[in-house]
Amino acid sequence: MEIDNPFLVSGYAGPEYFCDRKEETARLVSAAKGKVNTLLISRRRMGKSGLIEHLFANKEIAKKYYTFYIDIYSTLDLNDFVWTFGNVVCKSLMSKGSKIVESFMRTVKSIQFRMGYDEQGLPSTSFGLGDIRDKSVSLDEIFNYIETADRPCIVAFDEFQQIAKYPEKNLEALLRTYIQKSKNAVYIFSGSQRHIIQNMFASPSRPFYNSTVTLSLESINKDKYIDFVVKKFKEAGKSISKDIVSRVYDMYEGHTWYIQFMFHEMYYMAQPECSEEMIDKALDKILKENESYYSFTLYNIPDKQQNLLRAIAAEGMADRTQSAEFVKKYNLQSASSVQSATQRLMERDIISCEKGVYFISDRFFATWLKRKFKF
Ligand SMILES: Nc1ncnc2c1ncn2[C@@H]1O[C@H](COP(=O)(O)OP(=O)(O)OP(=O)(O)O)[C@@H](O)[C@H]1O
Ligand SMILES: [Mg+2]
C-alpha cells in the first residue's frame, strides 16, 4: 500500500503505523492461547478495529491460527450475517491455499459457491446472498468447519451490537450455543454503542451474560504517543516539538482518531517544521471541510432534540440532565421530554453516555457546535 501520510485516519496498514497497544495486544494473545473469549469495548474511534487487525498481523498469531475478522456493521438480518461471515472465512482461507478452501466448501454444503477471479486476477471463491438456501443450516456448517479446521481459529465479530437490531430475536442464544461448544476457536466481540453491547454482556437475562472477559480500550499512553508522532515527523525530514504533540493530545484527551486526524493535517502543513499556529489551522481546516455535513446533521435533528444537543454541547460533559435545575437552565420543558430526546440522540449515536454523563460522540462536531452557538 502506498502511504503518503503516516497518520492514518482509517484502516490499518501494518505495525509501522500503529502506535503502542503492546499491553492490549499481549492480553489478546494470551486470551487466544488460554481460549478465553473477549469483549472489546471503548468509545467510538478509540482503535478497536485497528487493534484486532494489529493482533491478526502479529507474526506469532498469523503462523499458528486462522484469523477471521468479520465486520457486521452493515448487516441487517441473519441472512446478511451468514453471508458476511461465510465470505470472510472463505476469502481468508483462499489465501492459505486451494486445498484449505476446498475443505471449507466441502463442509459448507448448503451454499452454492462461485468460482471466479478477483481484481488482481487471482482465483477467488465467493457466494451471493441468493446462494444461501437455508441460513440456519449454513450457519451450522460454517461453525462446523471452524471446529474441524486444521488449525485453531480466532474469530472477531466487530460492531457486534448490530445483532441486537436484527429481526431474528433468537440469534444471540443460537450464537452463544455455538460459541460455548467451540473447542477449536476463540472469539472476540467488539462494539462501540456501549449501552447496547453492555446490555448484551452484562444483563443476567441475556445469553452472552458472563461469557467473556472485558478489555476496555482507553487512550494510548501519552508519552508513547508523543514519541510516535515525533518519530514519524523525523522519518520524513520534518520536525515537531513534544510540547505541540502534548497540547493536541490533551485537547482530545488522547482520543485516537481525533489526534490522528490533527496530526494527519499538521504533517502536511509542516514544511518542514510544525509550528504552534498549525494546531488552530489544522482544526479550522477539519471543521471547514465538514461544515456541510455538520450543518446537515444539525438541521435534521428535530427542535426538542436540538435544544438538548445544544445544552450538552454547552456543558461539554453533562451530568444530571433530567434534573429540574438542568431542565430550567436550558429551557428544556420537562424531564420526560429530555428523556425521550436523549433516547433518540443515543440511538443515532449523536450523543454518548458513560456513567450517567452525556457528551457529544463526535469531538469535532462538539467543537463546531460550540463555535456556532458561541458557548
Ligand atoms: N494504535 C494506533 N496507532 C495509530 N493509529 C491508530 C491506532 N489505533 C487506531 N488508530 C487509528 O485511529 C482511527 C480509529 O481507529 P479504529 O477505527 O480502529 O477505531 P474503532 O474503535 O474501531 O472505531 P469505531 O468505534 O468507529 O469502529 C483509525 O484511523 C486508525 O487508523
Ligand atoms: Mg471499529
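Where a number appears in this text, it was derived from the coordinates with a stated rule and is not lab data. Given the structure is predicted, the values throughout are model-derived calculations rather than measurements. Positions of Cβ are backbone-derived with ideal geometry, glycine not excepted, and every protein chain shown enters the neighbour counts.
Assorted remarks:
- Per-pair calculated FRET efficiency, R0 = 45 Å: Gln120 and Lys35 via Cβ, rounded to 0.05: 0.80
- Over the residues of the chain, the helix contribution to mean residue ellipticity at 222 nm works out to -16000 deg cm²/dmol, using -39500 (n - 2.57) for each DSSP H run of at least 4.
- Cβ-based exposure ranking for His264, His195, His54, in which fewest neighbours within 10 Å come first: His195, His264, His54
- At 1.002 mPa s and 20 °C, Stokes diffusion of the range 21-216 via Kirkwood alpha-carbon radius, µm² per second: 125
- Farthest positive-ward along the range 21-216 dipole, Cα basis, beta-carbon charges - from Thr75, Asn87, Thr214: Thr214
- Whole-Å semi-axes of the ellipsoid equivalent to the chain (Cα gyration tensor, √5λ, descending): 38, 29, 19
- A straight Cα-to-Cα reach below 23 Å connects Lys181 with the lysines Lys33, Lys35, Lys64, Lys109, Lys135, Lys169, residues fewer than 8 places away in its own chain not being considered.
- Within straight-line cross-link reach of Lys285, lysines at Cα separation under 22 Å, skipping those fewer than 8 residues along the same chain: Lys232, Lys238, Lys370, Lys372, Lys374
- Cα-based convex hull volume of the range 214-322 per residue, rounded to whole Å³: 146
- Remark: spin-label model distance Asp140-Gln112 equals 2.1 nm, labels positioned 7 Å along the Cα→Cβ axis.
- Per residue, the convex hull spanned by the Cα atoms of the range 302-372 measures out at 80 cubic angstrom.
- Gap separating the Cα centres of the range 24-66 and the range 227-280, nearest whole Å: 27
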